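Encoded as structure tokens, the structure appears first; notes follow it.
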Amino acid sequence: MDLSVLSLLPQINSWLEEDDLNRNFHYLRTLPRHPVQLDLKVKSPLILAGAEYFAAAFVALGMNGKDFTFLSKLEGKALGEGDVVSFPESMPFAVAVTGERLALNLLQHASSIATWTSKHVRQAQERGIKILDTRKTTPGLRTLEKYAVRVGGGYNHRLGQTDVWMIKDNHKSCLGGLEGALEFFRSQGALYNNVVAEIHDLGELREAIALGIKHVMLDNFKPEDIRRAVELKAPGMNYEVSGGLRLNTIGEYLIDGVDALSIGSLTYAAPRVDLSLKYKSL
């Protein structure tokens, strides 16, 4: 079995339990098992993402992961409204109807995020500025959502709280300001962890530069303030801009000297793409 699909099975099995099928054995044993032909119908333009998640929903129900290789080859590809992806192998009706909703939910959610991310990336890439996600993800779905951002051409800011130390306002207010928070994180003994500091004004930026902080997030800076910040940028520093960025406004923030834009709405507000799974008896 493909390692990527195998790694998803614990989550997939927990999600299948939400349908409570194990309480109705009679229903399960009487579901018809004749073969059906499946067609994935694309009902709105999208970037396809989540193919392995889709496959894992059916592998957990006994299907062969190799039967979904065709779908994995479409990962990251643009599909148009009206496109139909036909499955080369049939599937028992009992498996198709049991796994359909979970498989589609995951594929649709990931494709929505990838499609939305790609629209932001297209605007920023000409200026060499990266698009980042945030930790504003759906509990239980962070892995899927952050993966979908990457399929859409974006980058992950951090997967969890401890792979990068991020100094936020609450750290500064409770740990002795910017310098105190920096010392706290440097004392964690994580040699390779970078420190990112959330910065709210030019005075605080100057303090961060004096402390030798290389990665800063300019939070809710206006474009004119970002230009002033760029003038202060020391060699080797990275500037990330965040706060209230929207698809129709990010053009104002594509400023030389900015390295990345972090946008929470990539994962929490992606417009839904439309997919359906249809099958017919053979």
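Throughout, read-outs are computed from the coordinates displayed, never taken from laboratory work. Keep in mind that this is a model prediction, so the values were computed, not measured. Note: ideal-geometry Cβ built from the backbone for every residue, glycine included; neighbour counts use all protein chains shown.
Some notes on this structure:
- Size of electric dipole in the chain: Cβ of Lys, Arg +1 and of Asp, Glu -1, about Cα centre, debye, nearest 20: 540
- Where only DSSP H runs of four or more residues are counted, the chain gives -12000 deg cm²/dmol as its mean residue ellipticity at 222 nm, each run worth -39500 (n - 2.57).
- Just so you know, the averaged projected area of the alpha carbon convex hull for region 123-268 sits at 8.9 nm².
- Inter-centroid distance (Cα atoms) of region 1-52 relative to region 237-282, Å: 27
- Length released on extending from ASP83 to LEU9, taking residue separation times 0.36 nm less the Cα-Cα span: 23.7 nm
- A Förster radius of 30 Å combined with the Cβ-Cβ distance from LYS66 to GLN125 puts the calculated FRET efficiency at roughly 0.30.
- In terms of other Cβ atoms within 10 Å, VAL258, VAL151, VAL95 run from fewest to most in the order VAL95, VAL151, VAL258.
- Pair THR30, LYS168: separation of 7 Å Cα→Cβ label points (nm): 5.2
- Cα-projected label distance for ASP19 with ASN248, points at 7 Å along beta-carbon direction, nm: 4.0
- Sorted ascending by nearby beta carbons within 10 Å, beginning with the fewest, THR30, THR98, THR267 become THR30, THR98, THR267.
- Rough spin-label spacing in nm, given labels placed 7 Å along Cα→Cβ, for GLN161 and LYS136: 1.9
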